[in-house]
1. What does the charge dipole of the stretch 3-143 about its Cα centre add up to, to the nearest 20 debye, if the Cβ of each Lys and Arg holds +1 and the Cβ of each Asp and Glu holds -1?
2. With N set to the number of residues, divide the alpha-carbon radius of gyration of the stretch 1-40 by 2.2 N^0.38 Å and report two decimals.
3. Which option, [x] 103; [y] 117; [z] 166, is the value of volume of the Cα convex hull per residue in Å³ that was calculated from these coordinates?
Amino acid sequence: MLTRWFHGYALVRRIESAGTRWLILRSADGEWDLVHGERQKKESFRETASRAVSEQLGLNPTQDFLVSTMAILNHEFETILPGEATPRFVAVSFYPVDIYRACVLEKLDNKPHVSWVRAAELWQGHGPDGRQLNPVTQLLVRRFEIIQPWQD
């Protein structure tokens, strides 16, 4: 039996007159990544995405952000993830997340491990400092064309 890798992704977006930017986080090892988390027992993928935003960004789910009721993508497949040698059963969901208030955006802007990037940067697989996007996340973004590079 294949091991499972079930993750809910939060596509935290910032829509401005100049276009949409996407929130990425810098992890302890220096890689950039989208907000996401492993799905817990009896938790929906939407709940996973909401929990990940709360935990990783320190935001209140009832006051600071809204997770869409519908995923952009729900997909299950078997694959060998980057950096691994054996196949896994993967299930992922990607949910758009909107921030409610300007003061919350300002709070995020002041976090040193948070950055906003354009779709083309995300597609290329690096953050604003040139450091790599998590290879699993990059694989998923490209494989399923979650965010198109022309979406700026």
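The numbers here are math on the coordinates, done by the rules we state, and not lab data. In this text, all values refer to a predicted model and were calculated from it rather than measured experimentally. Ideal geometry is used to build each Cβ from the backbone, glycine not excepted, and the neighbour counts take in all protein chains shown.
1. Details: 18 positive and 17 negative charges, 40 e Å.
Magnitude of the dipole: close to 200 debye.
2. Working it through for the stretch 1-40, the quotient is 1.56.
3. [y]
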